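The values are calculated or read from the model by the stated rules, or taken from the named source; none is laboratory data. The structure presented is a predicted model; accordingly, all values stated were derived computationally and were not measured. All Cβ positions, glycine included, derive from the backbone under ideal geometry; neighbour counts span all protein chains shown.
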Amino acid sequence: MSDDEKKAAPTPPQQGPQRLADLLRKAMTQAREKPAAGLAQLEADWKQREVERRQAEAAERARHEASQVAAWPEHLRQCHVPAETVAALSGDKVLDTPAIRAARYVLQEGLRTLLLSGGTGVGKTTGACHLFRLAVRDEMSAGQRMPKWDADAALFVRWSQLLRASETEGEDGQLLHRVHRVRVLVLDDVGGVQGEELGPRHREFLEALVDRRDTPGFVTAYTTQLSVQRREGAASDFANYVGARVVSRMSRQGTFHLADCGTRDLRRGGMS
């Protein structure tokens, strides 16, 4: 072959790694510009399944919340809440009272202790029992963790009943065990007649209970008709009754909320 023929011969196509890299870049560019029909359909199907999954989860949450609303009165009854208080908390619209607002504040702030003071019929018991909304346990439903009422985690008890239990044994011993163990406790109507004081034994009993209840994860509401307002140069009627040590343990900063609910009897307006 002459020199001229060698110069005129065509250059062979590019081979090796560089050629492979060029082909890969071209294929990727084409895929970005025009995805394969199969891949596009897979993506559309996946998006549709995600939409359906979210819709199913939302429907299940709505169903669960509706069932919890319907079960709320029975939950209160199982917590031994008085019938008139169950009725007051189960209506379409719960009356907005100082006691209810105080309970909502405790829920919002994650506090451990609520003391409600006021006259008969001001809604103290109703406000305190609003805290039973914290008595729940988590359960799995349709792959979701949802709260469900748990009456075993809550208890309503009157102070007079607890005093009697502290004097006896038997079944009352189970009550004493529960008031120390339940997550949410409402101790209703703590106090006696104005000027009365607890004896040393009962003060020690209440002091031990208050101290035990002041625990992270526990919530306790106390109601009393005794005044919590300090008089000039003297302690309040409530402090005189329970003693300074009980008040000190009950009102630790950052865990305690006090609400004086006044003296207006709301039952005359239709509230129990």
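General observations
- Selection from the range 102-114 of residues that are hydrophobic (A, V, I, L, M, F, W, C) and assigned to a loop (DSSP other than H, G, I, E, B): Leu111
- Any hit, the range 120-133, residues being of a type in the set (Ser, Thr, Tyr) and over 21 Å from Trp72 (Cβ atoms): yes
- Within the set Val157, Val190, the sole residue that is of a type in the set (A, V, I, L, M) and not in a loop (DSSP other than H, G, I, E, B) turns out to be Val157.
- Residue check, Arg61 basic (Lys, Arg), at pLDDT 95 or above and under 40 Å from the mean Cα position of the chain (by Cα): no
- When Val228 is tested against the conditions (1) under 25 Å from Arg181 (Cα atoms); (2) surrounded by 15 or more Cβ atoms within 10 Å (Cβ to Cβ), the lone failure is (1).
- Set side by side, the residues Asp211, Asp189, Asp150 differ, and just one is out of contact with any strand residue (DSSP E or B) (no Cβ under 8 Å at 6 or more places or on another chain) and either closer than 29 Å to Gly254 by Cα or aromatic (Phe, Trp, Tyr) (or both), which is Asp211.
- Close contacts from the range 151-165, counting a first residue that is in contact (Cβ under 8 Å) with a residue 12 or more places away in the chain and a second that is β-branched (Val, Ile, Thr) and part of a strand (DSSP E or B), with Cβ to Cβ under 6 Å and a gap of 6+ residues or different chains, come to Ala154/Val184; Phe156/Val186.
- Residue under evaluation Asp96, criteria (1) closer than 30 Å to Arg63 by Cβ; (2) touching a residue at least 12 places away in the same chain (Cβ under 8 Å); (3) part of a loop (DSSP other than H, G, I, E, B), criterion not met: (2)
- As for the range 115-133, it holds at least one residue that is part of a strand (DSSP E or B), surrounded by 21 or more Cβ atoms within 10 Å (Cβ to Cβ) and among the hydrophobic types (A, V, I, L, M, F, W, C).
- Selection within the range 231-247 - without any contact (Cβ under 8 Å) to a residue 12 or more places away in the chain, within 33 Å of the chain's Cα centre (by Cα) and not in a helix (DSSP H, G or I): Ser236
- In the set Gln144, Gln108, only one residue is more than 15 Å from the chain's Cα centre (by Cα) and either under 23 Å from Ala71 (Cβ atoms) or surrounded by fewer than 21 Cβ atoms within 10 Å (Cβ to Cβ) (or both); that residue is Gln144.
- Residue among Arg252, Arg203 that alone is surrounded by fewer than 13 Cβ atoms within 10 Å (Cβ to Cβ) and among the basic types (Lys, Arg): Arg252
- In the set (1) crowded, with 18+ Cβ neighbours inside 10 Å; (2) under 26 Å from Ala154 (Cβ atoms); (3) not acidic (Asp, Glu), the condition left unmet by Asn240 is number (2).
- Any hit, the range 116-139, residues being touching a residue at least 12 places away in the same chain (Cβ under 8 Å), in contact with a Gly (Cβ under 9 Å, 6 or more places away or on another chain) and of a type in the set (Lys, Arg): yes
- Hits in the range 194-229 (condition: within 15 Å of Tyr241 (Cβ to Cβ) and either part of a strand (DSSP E or B) or of a type in the set (Val, Ile, Thr) (or both)): Val210, Tyr222, Thr223, Thr224, Val228
Residue-by-condition table, conditions (1) in contact (Cβ under 8 Å) with a residue 12 or more places away in the chain; (2) closer than 23 Å to Ala153 by Cα; (3) β-branched (Val, Ile, Thr):
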site	(1), (2), (3)
Gly173	no, yes, no
Gln194	yes, no, no
Arg203	yes, no, no
Pro216	yes, yes, no
